[in-house]
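Derivation of every value follows stated rules applied to the coordinates shown; laboratory data play no part. All values derive from a computational prediction rather than experimental measurement. For neighbour counting, all protein chains shown are included, and Cβ atoms are generated from backbone atoms with ideal geometry for every residue, glycine included.
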Amino acid sequence: MAYIQRTKDEILTSLLARMVARSPVTDIVEGSVIYTLMSSIAEQIADSEYKLAKLRQQFTLTNTTGTDLDDRALEIGISRLRPTNATGEITLTRSSIGATLTLDAGLRVSNPSNQALVYYTREQAVFGTNDLTTTVSIIAGVAGIVGNAINNTITRLENFPSSIIACTNVNALTNGLDEETDDQLRNRCKQFIQSLARSQPQALQTLAKSYIATDGTRALNAAIYESETLPAYCELLIDDGSALYNTVITENIISTAFAVHTNQSPLVMPVSSPITDSSNIVLTRTRGSLVLDPKKYRIIHERGLIIFLDRSDLVENDIITTNSYSIYTGLIKELQNLIEGSPADPINNPGYRAAGVRVRVLPAPITLVSFDLQITAYTGVDLVALQARLQGIANGFVNSLEAGQPLLIAQLIDALMNDVDLQNVKVYSSNTLTLSPDIYPTTQRHILKADMINLFVSTRR
């Protein structure tokens, strides 16, 4: 039965009715002794009912907020996501070519208009002998959306050697996030509850968006792609907001060897995992240096298994070796391990993959999007600030789309028009006077990412 909080007047009416029904008292008009006494009692009961209602609300996801919401979320194993640092890439330019040059990680760059916000290189920057430019990944020195930056604004060198003469971020940084809000945490808790069966698409997507890797990265985009041609096979396509497909971290495996035991059925060769898309594994039998026919084995990339379908070329104690191949590390590897589960720890890591199904975690391939915005602002508006805001909104909107989702121009315009200083906006195909149609990714596996977004401004009273 639902709890319904009563008002003071409702309680007073009930008390007076009971008094008349159970005693000879008849003087219950306002101002009488009985009315005054019952009014005081009704006020105390109403106050108690209010406190009970508030206490009850603290134990529901729908109504609770702040630390109470954190407590409710922890009861189902969910914690509020902390802020994340924006990451991306910058292009470095040196004064001349002629020798290799390696720069240590940890060098600083900044935006000339906000030098207090510093970005650090995350890895060594390497110039080849004939390289005038090179790219290197960077991370904002502070967490949150304050670290996001539109393209070509991080142009100040802080502590680089004099041979480095310029830097810029060709692409915008949009993956810096503030601490999860109450509404976001509440929605994630509801999604988690709906995903408790663990093996359906929503469960895998919720897992990907909730998990934070040991290096602090997490997936801002996650979508399931189910193959039309391969039954029982799907891909969890993720992106961390910085075009992960182009910056994904991998590890090179020189070779893996395996001794054949013919009494094993099925014959399975374990290798390192998860194997990258770019790896082209070739198996060689050391006896006679025979390269095995790829049709005679199947590679399960995400689990690091090679299953021999035909062992006619193999005898007891044959040694099988692989060529060099690469595996994913970091966020992709950790998510893949969670989905596969651990037979050694079935209680804490039971896995998410259903029996007979393959789920492969991959970085979503990128389809770059460019368009022009013709914006009309009200007179007296700070046009520089307005352009920066709209550039951020447009970049953020495009980069929030999941793999396979199109950019619907009407929705983009609706997001831009939320700025009170903007009177009108039109979206054109890049460098044309043709209104842009809706933009679709190359395939259902691809994810749209903002490339060049040009703004042209006019004012109107």
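Numerical summary
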| quantity | calculated |
| --- | --- |
| Per-selection metrics, segment 119-278 (Cα): Rg and Dmax in Å | 21.2, 65 |
| Between helix 383-399 and the chain: long-axis angle, C-alpha atoms, 0 to 90°, nearest 10 | 70 |
| At R0 = 45 Å, FRET efficiency that the Cβ-Cβ distance of Q264 and Q411 yields, to 0.05 | 0.25 |
| Under the Karplus curve 6.51 cos²θ - 1.76 cosθ + 1.60, θ = phi - 60°, whole-Hz ³J(HN,Hα) for segment 327-340, x wherever Gly or Pro sits | 10, 6, 10, x, 4, 5, 5, 5, 5, 4, 5, 5, 5, 6 |
| Cross-link partners of K51 among lysines (Cα-Cα below 18 Å; sequence separation of 8 or more within a chain) | K8 |
| Angstrom value of the Kirkwood radius, inverse mean 1/r, which spans all Cα pairs in segment 250-363 | 15.1 |
| Inter-centroid distance (Cα atoms) of segment 224-242 relative to segment 398-438, Å | 26 |
| Whole-number D in µm²/s for segment 115-208 (Stokes-Einstein; Kirkwood sum over Cα pairs; 20 °C, 1.002 mPa s) | 129 |
| Two-decimal log10 I(q)/I(0) for segment 263-308, as the Debye equation yields it once each C-alpha is a single scatterer, q = 0.13, 0.22, 0.28, 0.33 Å⁻¹ | -0.31, -0.84, -1.15, -1.24 |
| DSSP loop GluC sites (Glu not before Pro) with at most 11 other Cβ within 10 Å excluded, longest remaining stretch of the chain | 31-227 |
| Rg/Rh (Cα only; Kirkwood hydrodynamic radius) as it applies to segment 8-57 | 1.08 |
| Value at 222 nm in deg cm²/dmol, rounded to 500, when DSSP H runs of n ≥ 4 in the chain each add -39,500 (n - 2.57) | -7500 deg cm²/dmol |
| Semi-axis lengths, Å, segment 366-460, gyration tensor of Cα atoms, sqrt of 5 times eigenvalues | 25, 13, 11 |
| Most to least packed among 438-446, 193-201 [average Cβ atoms within 10 Å] | 438-446, 193-201 |
| Separation between Cα centres of segment 173-217 and segment 109-127, rounded to whole Å | 29 |
| The chain - Rg over Rh from alpha carbon coordinates, Kirkwood radius | 1.13 |
| About the Cα centre, charge dipole magnitude for the chain (Lys/Arg +1, Asp/Glu -1 at Cβ), debye | 440 |
| Out-of-range pairs (alpha-carbon distance over 23 Å; input K54/K190; K209/K449; K426/K449; K295/K333; K190/K333; K209/K426) | K295/K333; K190/K333; K209/K426 |
| Expected-Rg normalisation [2.2 N^0.38 Å, Cα atoms] applied to segment 294-336 | 1.47 |
| Kirkwood hydrodynamic radius (C-alpha pairs) into Stokes-Einstein, segment 1-100, 10 °C and 1.306 mPa s, D in µm²/s | 82 |
| Ellipsoid equivalent to segment 85-168 - semi-axes via the Cα gyration tensor, in Å | 23, 12, 10 |
| Alpha-carbon centroid distance for the pair segment 41-55 / segment 244-310, whole angstrom | 69 |
